[in-house]
Every structure is written in structure tokens, then in C-alpha cells.
């Protein structure tokens, strides 16, 4: 776990609760028949759509208010308006998410679904089935071991980094899908230049996802020009008309 330097208080709280959470005593080891993320990206490209991972995020420490809409209806609207894949928050305390939301959404749609959470131990992988799971380099002690455990269960793994040092750690662990978070977890500030600085040193055979701070069509174009294979967008979709926001970014 790379926690050199201070984390923002909200992030420290998220990490603290993540360490305490378990999937429950009755949880069984999950085996997933995952929907292919690479096939979904190829389909988006073939059809001239921006490869968008739209996020179902009821709330977060960096937004005001909470969406109380049925998460399944939100997810279906995103897919109907061109989302390539979905990201579903399952962290309950800070993001209002749940594993039940993810389970219901995955049953209702036919695109790949990412479980967005703060997974730090192997048993936490068994909380719910998904097509992809998120592992954050800065939060994980044994990245190679946890990545392997996830893949053994059938998950595709999005490994999140923020700088070149974390990128090297992710690649050394065997990551093939890399997410570059434009948000600095120490100050919670967003800088799209973060992706632009990391992208050039990512191997060409790696799937590269730009995360955080993507709000406008100009931001979409900027990240795609910098080498993004997909964009993960939450607040810019959830704030307002979900269908219209999704459509606007997909067609940028």
C-alpha cells in the first residue's frame, strides 16, 4: 500500500471503513462469467461512439446532494443513450452504494458492469458478482496477489493509478487495464493534465481509462486525443438529466 503523503480526510475515512468491511460470514467464493470489456470497447469504436463508462453514483464526498432515483432505471437510461459499460458504486457509507444495486443493475443490462469500491482484501471480492472490479494501487498492500485472486474468480480488473510510480507498480503486478485518476487523493483536486502526463508511458497493449474531472465534450476530446481507450464519468452524468448527459458525452 502506497500511502506516502497525506490523504484527504474524506479519503482516510473511506480507507478506514474499507479495511473493516467484510462480505459476511455466509459469503461464498465467487466465479464470474464476465462480459468482455474489450469487446464492448471495440463495438463502441465500430459504431462511432465515445467509449464511455457511465457511473451510477448516488452521492460522493466531492458532490452535493444525493440522487434517490431507482439505480436500475438510471443504469438502463445510460445504456439506452449509448454507454459502453457501467460503473456501479457499492461503497455504502460515503457513496450511498450497495452490492444489491449492482446485482440488480447487472441483471437488467447487457453491457459490462464495473464494481466501484475500495477493495483491500481478497475476501471482499466475494461480496457480489461483476464483470470488472476496481483495485486502487495506493490502497492495496499486495497488488499482485489481489489482482491474481480477482482474475482467478473471472473478474477483469481495472487497476487505478495516479502517477508514473504507481503505473510501474501496476504493470509489474500484471495489470492490463489501467485507469488514470485525474483526482489527487491528497487534496481531492482534479487536473486533466495528470492523464496526459501518464498516458505516454503506458504500453500500447494496455487498455487505458481516463477517470475523474471529465465534464464537457472538450474534456472528452482532450482525453481521447491523449490516448484514452475509455472514459469513466460519474458526476457529469449524474448531475441533471442522465440520458441527455450520457448522450452528449458519447457523441462528443
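The values are calculated or read from the model by the stated rules, or taken from the named source; none is laboratory data. Model, not experiment: these values are computed from the prediction. Please note: Cβ atoms are built from the backbone with ideal geometry, for glycine as well, and neighbour counts cover all protein chains shown.
For the stretch 1-85, which fully contained helices (runs of 4 or more DSSP H) count at least 1 residues that are modelled with pLDDT of 75 or more, farther than 21 Å from residue 216 by Cα and touching a helix residue (DSSP H, G or I) at 6+ places or on another chain (Cβ under 6 Å)? Please lay out each step first, then the result.
Working: elements: 9-20, 37-46, 71-80.
Hits in the stretch 1-85: 9-20, 71-80.
Regarding the stretch 217-232, can at least one residue be identified that is crowded, with 16+ Cβ neighbours inside 10 Å and closer than 25 Å to residue 13 by Cβ?
Of all residues in the stretch 217-232, those crowded, with 16+ Cβ neighbours inside 10 Å come to 219-220, 222-224, 226-232.
Going one step further and asking which of them are closer than 25 Å to residue 13 by Cβ, we end up with 232.
For the stretch 217-232, residues crowded, with 16+ Cβ neighbours inside 10 Å and closer than 25 Å to residue 13 by Cβ: present.
Has the stretch 177-191 got any residue that is on the phi < 0 side of the Ramachandran plot, assigned to a helix (DSSP H, G or I) and more than 14 Å from the chain's Cα centre (by Cα)? Spell out the reasoning first.
Filtering the stretch 177-191 for residues on the phi < 0 side of the Ramachandran plot gives 177-187, 189-191.
Restricting the remaining residues to those that are assigned to a helix (DSSP H, G or I) gives none.
No, because not a single residue in the stretch 177-191 is on the phi < 0 side of the Ramachandran plot, assigned to a helix (DSSP H, G or I) and more than 14 Å from the chain's Cα centre (by Cα).
Considering every residue within the stretch 159-169, establish whether at least one is without any contact (Cβ under 8 Å) to a residue 40 or more places away in the chain, buried (at least 16 other Cβ atoms within 10 Å of the Cβ) and in a strand (DSSP E or B).
Here is the first cut: in the stretch 159-169, the residues without any contact (Cβ under 8 Å) to a residue 40 or more places away in the chain are 159, 161-164, 167-168.
Now drop any that are not buried (at least 16 other Cβ atoms within 10 Å of the Cβ), which leaves 159, 161-163, 167.
Okay, now just the ones that are also in a strand (DSSP E or B), so 159, 161.
Scanning the stretch 159-169, I find at least one residue that is without any contact (Cβ under 8 Å) to a residue 40 or more places away in the chain, buried (at least 16 other Cβ atoms within 10 Å of the Cβ) and in a strand (DSSP E or B), so the answer is yes.
Is one or more of the residues making up the stretch 98-107 touching a strand residue (DSSP E or B) at 6+ places or on another chain (Cβ under 7 Å) and part of a loop (DSSP other than H, G, I, E, B)?
No, there is no match, as no residue in the stretch 98-107 is touching a strand residue (DSSP E or B) at 6+ places or on another chain (Cβ under 7 Å) and part of a loop (DSSP other than H, G, I, E, B).
Out of 102, 114, report the one residue that is out of contact with any helix residue (DSSP H, G or I) (no Cβ under 7 Å at 6 or more places or on another chain), buried (at least 17 other Cβ atoms within 10 Å of the Cβ) and either in contact (Cβ under 8 Å) with a residue 40 or more places away in the chain or closer than 18 Å to residue 38 by Cβ (or both).
Values: 102 fails: either in contact (Cβ under 8 Å) with a residue 40 or more places away in the chain or closer than 18 Å to residue 38 by Cβ (or both).
Answer to the selection: 114.
Have a look at 250, 190 and point out the one that is in contact with a helix residue (DSSP H, G or I) (Cβ under 9 Å, 6 or more places away or on another chain) and under 26 Å from residue 74 (Cβ atoms). First the steps, then the outcome.
Values: 190 fails: in contact with a helix residue (DSSP H, G or I) (Cβ under 9 Å, 6 or more places away or on another chain).
Matching residue, one of 250, 190: 250.
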